[in-house]
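Student: One structure coming up, written as structure tokens, with questions to follow.
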Amino acid sequence: MSNHETNIELDNPLSSAKIGAYSGSIKAKFYKSGKVFKGIPAVDIHSELRSVLCNSKIKIQPYNVSYKHGQLQIDLPSNIKGSLANLIIVKTLTTVGLRYKCISCKLELDNITKTICFHY
């Protein structure tokens, strides 16, 4: 594992704090059977992100989920930053990744790659 890669254990509810703060958009790639899995529609990420935001009772401001250059790009609302953003993005990607039976998700935040490992 490189200095820019961190495993996040999902059995620890505080694990999302290991991601660290970010600025800008988040790029995500899901992996299944050792290969990049592109079968997750952006609308599923969008829907789950909206659910997490609504359940957090946060005022929803504009955000975007799209595929760019073969990977998901998530632009969170401007009012969501730091550790709150970390919790929301980890919850969203974990829920969707587990639903599609992926083995992991690599995030790129401020040009640093982090990995969420899914345990079944």
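The values are calculated or read from the model by the stated rules, or taken from the named source; none is laboratory data. Remember, it's a predicted structure, so these values are computed and weren't measured experimentally. Here Cβ is always computed from backbone atoms with ideal geometry, including for glycine, and neighbour counts include all displayed protein chains. Quick note on the areas: whole protein, heavy atoms, side chains included, nothing else; ligands and nucleic acids left out. Shrake-Rupley method; radii C 1.70, N 1.55, O 1.52, S 1.80 Å.
Student: Using a 1.4 Å probe and counting only protein heavy atoms, arrange 108, 48 so the residue with the most accessible area comes first. It would help to have the intermediate numbers written out before the result.
Tutor: Working: 108 55, 48 30 Å².
Sorted by accessible area, descending: 108, 48.
Student: Let me ask something else. Of the accessible area of the range 20-120, with the probe set at 1.4 angstrom, what percent is carbon plus sulfur?
Tutor: On the way: 2800 of 5290 Å².
Summing carbon and sulfur atoms, their accessible area is 53 percent of the total for the range 20-120.
Student: To the nearest 10 square angstrom, what accessible area does residue 63 show with a 1.4 Å probe?
Tutor: 40
Student: Could you please put 91, 106, 57 in sequence from largest to smallest accessible area, using a 1.4 Å probe?
Tutor: Working: 91 110, 106 70, 57 180 Å².
My answer, sorted largest first, is 57, 91, 106.
Student: Go through 119, 69 and list them by solvent-accessible area, largest first, probe radius 1.4 Å.
Tutor: 69, 119
Student: Another question about this same structure. Could you calculate the FRET efficiency of residue 117 with residue 59 from 1/(1 + (r/R0)^6), where r is the beta carbon distance between them and R0 is 25 Å, rounded to 0.05?
Tutor: Working: r = 32 Å, r/R0 = 1.29.
It comes out at approximately 0.20.
Student: With respect to the cross-link table entries 35/81; 29/59; 32/57; 27/114, which display a Cα-Cα separation exceeding 21 Å?
Tutor: As for pairs spanning more than 21 Å Cα to Cα, those are 35/81; 29/59; 32/57.
Student: Enter the accessible area of residue 47 (Å², nearest 10), with the probe set to 1.4 Å and all protein chains included.
Tutor: About 60 Å², ignoring ligands and nucleic acids.
Student: Another question, if that's okay. Which of the three applies to the range 31-109, rounded, prolate or oblate, going by the alpha-carbon gyration tensor with a ≥ b ≥ c and a/c under 1.5 meaning rounded?
Tutor: Note, shape of the range 31-109 comes out prolate.
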